[in-house]
1. Identify, from the list Thr57, Thr14, the residue that is open to solvent by 30 Å² or more (accessible area, probe 1.4 Å), without any contact (Cβ under 8 Å) to a residue 12 or more places away in the chain and of a type outside the set (Lys, Arg).
2. How many of the residues making up segment 81-98 are part of a strand (DSSP E or B) and either charged (D, E, K, R) or surrounded by fewer than 20 Cβ atoms within 10 Å (Cβ to Cβ) (or both)?
3. For segment 37-60, what are the residues that are part of a strand (DSSP E or B) and either of a type in the set (Asp, Glu) or touching an Asp or Glu at 6+ places or on another chain (Cβ under 9 Å) (or both)?
4. Residue pairs, Cβ under 7 Å, 6 or more apart or interchain, first in segment 109-123 and farther than 21 Å from Cys50 by Cα and touching a residue at least 40 places away in the same chain (Cβ under 8 Å), second in a loop (DSSP other than H, G, I, E, B) and open to solvent by 50 Å² or more (accessible area, probe 1.4 Å). List them.
5. Select from segment 24-50 the residues that are among the β-branched types (Val, Ile, Thr) and surrounded by 22 or more Cβ atoms within 10 Å (Cβ to Cβ) and write down the one among them that is nearest to Leu105 (Cα to Cα).
6. If I ask for residues that are surrounded by fewer than 20 Cβ atoms within 10 Å (Cβ to Cβ) and over 10 Å from the mean Cα position of the chain (by Cα), which ones from segment 69-80 would you list?
7. Answer yes or no as to whether Val121 is open to solvent by less than 40 Å² (accessible area, probe 1.4 Å) and either in contact with a strand residue (DSSP E or B) (Cβ under 7 Å, 6 or more places away or on another chain) or in a strand (DSSP E or B) (or both).
8. Among the listed residues Ser21, Ser63, Ser85, Ser25, identify the single one that is over 14 Å from the mean Cα position of the chain (by Cα), modelled with pLDDT of 95 or more and among the polar types (S, T, N, Q).
Amino acid sequence: QVQLVESGGGLVQTGGSLKLSCAASGRTFTRYTMGWFRQARGKEREFVACIRWIGGTIYYGDSVKGRFTISRDNAKNTVYLQMNSLKPEDTAVYYCAATTVPWPLRVDEYDHWGQGTQVTVSS
């Protein structure tokens, strides 16, 4: 059974940085794409970034390009999201997700989800 556990959320001021982690277990993830999504209060869940476990090909959502960086550590089965130049509109619950779909940009393309971690950016 796949388990995804996010950590690293918190409160930060505008312009600050946070690094989220997603520890994955329960499966060999070599065929998987790992994604980060976020959901602000009252809004739909939004794609942030994804990375293929093997090869490391990456895709970002338009709202975070140039500010966020997704990466993975194969030995630790962990995916990271480095968030820089944070803005109040980045405030949301951030979710880690996993799928075997090659280029999954939609919520319904992901099979497994973590519980989420809250990121709050104060103005």
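The values are calculated or read from the model by the stated rules, or taken from the named source; none is laboratory data. Since the structure is predicted, the reported quantities are computational estimates derived from the model, not experimental observations. A quick note on method: Cβ atoms are made from the backbone with ideal geometry, for glycine too, and the neighbour counts reach across all protein chains shown. Accessible surface is based on the protein model in full, side chains and every heavy atom, while ligands, DNA and RNA are left aside. Shrake-Rupley method; radii C 1.70, N 1.55, O 1.52, S 1.80 Å.
1. Thr57
2. Count: 2.
3. Within segment 37-60, Phe37, Arg38, Gln39, Glu46 meet the criteria.
4. Taking only residues 6 or more apart or on different chains, the pairs are Val121/Thr14; Val121/Lys87; Ser122/Thr14; Ser123/Thr14.
5. Per the stated criteria, the residue is Val48.
6. Result: Asp73, Asn74, Ala75, Lys76, Asn77, Thr78.
7. When the stated conditions are applied, Val121 passes them.
8. Ser85
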